[in-house]
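Chemist: Pasting a structure here, questions to come.
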Ligand SMILES: Cc1ncc(COP(=O)(O)O)c(C=O)c1O
């Protein structure tokens, strides 16, 4: 399928609206202090999107600095092991810094540069977004401060060290469970205070409008490349496409081009893997869609793990990157519309999938990405042994060595 | 029951006293707002404990956490409404002098209880209005349409452009809450130097009284801000004393005296 006729036959997928709503979800629920900054960001983003020079600079960085396009690899031994005809892996793990996060941070730091902001801040869970932000900031000569929960600093010591080497300041956040949600809150508080000279590089497809749209735009390269790569290989689009979902940036970057460019009747089935931690029947999980209800946290309305008084609950997952009590607003919308199925995956299932990919293909995935991999055997029973499935390997597993060793692999 | 605008009719700069519901426990928080009323507060702003207090500094955030932990079954919006109802039934001062009470709550507890249900219970409790710091005027259409009879106070900030000031001024009722500086709540030794200009800009864009908050901690600061604004909001400095209602009354009286005693 050429790019031209896919566009002509594309669907009418057109969210968010100009106020940042994906159906009921999204919006901008933030203190007034940062509303003007979000409006300024929105204007700068739209202006940059219309500027061919911005796109050219971004694309050239993606090619020569990140190493894109990332390969689309046919994993035959894995396919056989899970009982599927074909499995195609989109190798975001091969990007510079080891995950999809770099696509977004280069885009946002370029935008910061364009807006004349010399200081950037970020939150991080697994440390991948923190490292990717520190990397882009080093490249663009920006001062960089990263907020990270104390529990994640413990779990992801290697990435903390990398950020420091790259010249970033890492601020430990010792509130709540000391994980990603607490880091987001700390970054937002800091932004409210330093909004005039600071650009907040948000790491996932969440937060107040226009962040979910900005992150989607900078991550859509994942799905855009997949569509082109399948065409170049002369291979039909797969029956299903899978990604893991923390806040939802690698997943929306994967799904969005399919939703936009592929006519509905030919749209692959789309699956998101949420972190089910120790199980949905426990209070130790991070599955906002399977186990949550709609509410507002961190400036947007979407599915949320919350108590009966509306307090956000602590999430739990073995993977720091999926350990978040909410989910990006577009995923709430896609779930309600039935366009994407979100399925919970436990720690144990993710570890098993981690081992399987490592041993069958010699690819060590991030523990986040392993949640997506864990859906493959389920898809084999749901779609049958003839099915073709594409899956985004959002990152590599180097950062997770201590965790999997502790887990007894 | 009167609206929040009543708090600005005493003929001097209004004192808006912020206290945290349920802190250090339900009974003491009720005693503390009565003490603030006796001390001369013109409006009570009653904070609802919440798990992610994005706009609050350490003193108020800690008080909220302590309130949630102090109650065996937790403490939130419903419980704060019950305390507010007990206060409006018996404010501890003559009815003529009883200050109107507003709830300061983050948005999600309101969504969780439901906009309509929250408004209904607030009216039953005699609450005069709401301050919802993470609900900017642009997103408030649905809440405003379902909260008739209640004032909703929106916030403006030093970063607000004139078109924002106009939007917020038009959406607000009761008064406009002017945040003195970027950042979270909490006491500061110095107030921003451009505060007078900010208040003047806000007043150009609304007919409503303008109250200034964030960072005001001493009677001197209250008086200085009161020269420019129609009201001053004092939070952390009161909450710090909240476990001792006698200290609250004394401290609120010192603020009230600093603002002038020529009450109607
Ligand atoms: C490798 C990897 N995959 C996935 C995620 C989850 O984020 P998102 O859902 O935004 O893609 C993270 C977050 O840190 C990550 O590091």
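The values are calculated or read from the model by the stated rules, or taken from the named source; none is laboratory data. Since we're looking at a predicted model, the values are computed, not measured. Ideal geometry is used to build each Cβ from the backbone, glycine not excepted, and the neighbour counts take in all protein chains shown.
Chemist: Right, residue A:339: surrounded by fewer than 20 Cβ atoms within 10 Å (Cβ to Cβ), within 20 Å of the chain's Cα centre (by Cα) and under 30 Å from residue A:12 (Cα atoms) or not?
Modeler: Against the criterion (surrounded by fewer than 20 Cβ atoms within 10 Å (Cβ to Cβ), within 20 Å of the chain's Cα centre (by Cα) and under 30 Å from residue A:12 (Cα atoms)), residue A:339 qualifies.
Chemist: Ok, one more. Of everything in the stretch A:262-290, what is in contact (Cβ under 8 Å) with a residue 24 or more places away in the chain, part of a loop (DSSP other than H, G, I, E, B) and over 17 Å from residue A:245 (Cβ atoms)? Give them in sequence order.
Modeler: A:262, A:263, A:267, A:278, A:279, A:283, A:284
Chemist: Can you tell me which residue is farthest from the other protein chains (Cβ to nearest Cβ) among those in the stretch B:90-108 that are closer than 30 Å to residue A:292 by Cβ and out of contact with any helix residue (DSSP H, G or I) (no Cβ under 8 Å at 6 or more places or on another chain)?
Modeler: B:104
Chemist: Within the stretch A:22-44, track down each residue that is under 29 Å from residue A:335 (Cβ atoms) and either facing chain B (nearest Cβ under 8 Å) or not in a helix (DSSP H, G or I) (or both).
Modeler: Within the stretch A:22-44, A:22, A:23, A:24, A:25, A:26, A:27, A:28, A:29, A:30, A:31, A:34, A:35 qualify.
Chemist: Read through the list (1) buried (at least 20 other Cβ atoms within 10 Å of the Cβ); (2) over 15 Å from the mean Cα position of the chain (by Cα); (3) modelled with pLDDT of 95 or more; (4) within 14 Å of another protein chain (Cβ to nearest Cβ), then give the number of the only condition that residue B:147 fails.
Modeler: All conditions pass for residue B:147, except number (4).
Chemist: Can you tell me which residues in the stretch A:45-70 are outside any helix (DSSP H, G or I) and in contact (Cβ under 8 Å) with a residue 24 or more places away in the chain?
Modeler: A:67, A:68, A:69, A:70 - these are the residues of the stretch A:45-70 that are outside any helix (DSSP H, G or I) and in contact (Cβ under 8 Å) with a residue 24 or more places away in the chain.
Chemist: So, in the stretch B:155-173, exactly how many residues are facing another protein chain (nearest Cβ under 7 Å) and not in a helix (DSSP H, G or I)?
Modeler: 6
Chemist: Could you tell me whether the stretch A:193-201 includes any residue that is buried (at least 24 other Cβ atoms within 10 Å of the Cβ), in a helix (DSSP H, G or I) and within 14 Å of the ligand (Cβ to nearest atom)?
Modeler: No, the conditions are met nowhere in the stretch A:193-201.
Chemist: Next question, about the same structure. Given the structure, is residue B:260 surrounded by fewer than 20 Cβ atoms within 10 Å (Cβ to Cβ), within 11 Å of another protein chain (Cβ to nearest Cβ) and touching a residue at least 40 places away in the same chain (Cβ under 8 Å)?
Modeler: no
Chemist: Assess whether residue B:64 counts as being within 14 Å of another protein chain (Cβ to nearest Cβ) and within 24 Å of residue B:246 (Cβ to Cβ).
Modeler: Taking the combined requirement at face value, the residue satisfies it.
Residues checked against (1) within 18 Å of residue B:130 (Cβ to Cβ); (2) surrounded by fewer than 21 Cβ atoms within 10 Å (Cβ to Cβ); (3) in contact with a strand residue (DSSP E or B) (Cβ under 8 Å, 6 or more places away or on another chain):
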{"site": "B:32", "(1), (2), (3)": "no, no, yes"}
{"site": "B:50", "(1), (2), (3)": "yes, no, no"}
{"site": "B:72", "(1), (2), (3)": "no, yes, no"}
{"site": "B:81", "(1), (2), (3)": "yes, no, yes"}
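Chemist: Pull up the stretch A:192-230, narrow it to residues that are within 14 Å of another protein chain (Cβ to nearest Cβ) and out of contact with any strand residue (DSSP E or B) (no Cβ under 8 Å at 6 or more places or on another chain), then point me to the one that is farthest from residue A:327 (Cα to Cα).
Modeler: A:196
Chemist: Exactly one condition in (1) assigned to a helix (DSSP H, G or I); (2) over 20 Å from residue A:184 (Cβ atoms) is false for residue A:215; which is it?
Modeler: (2)
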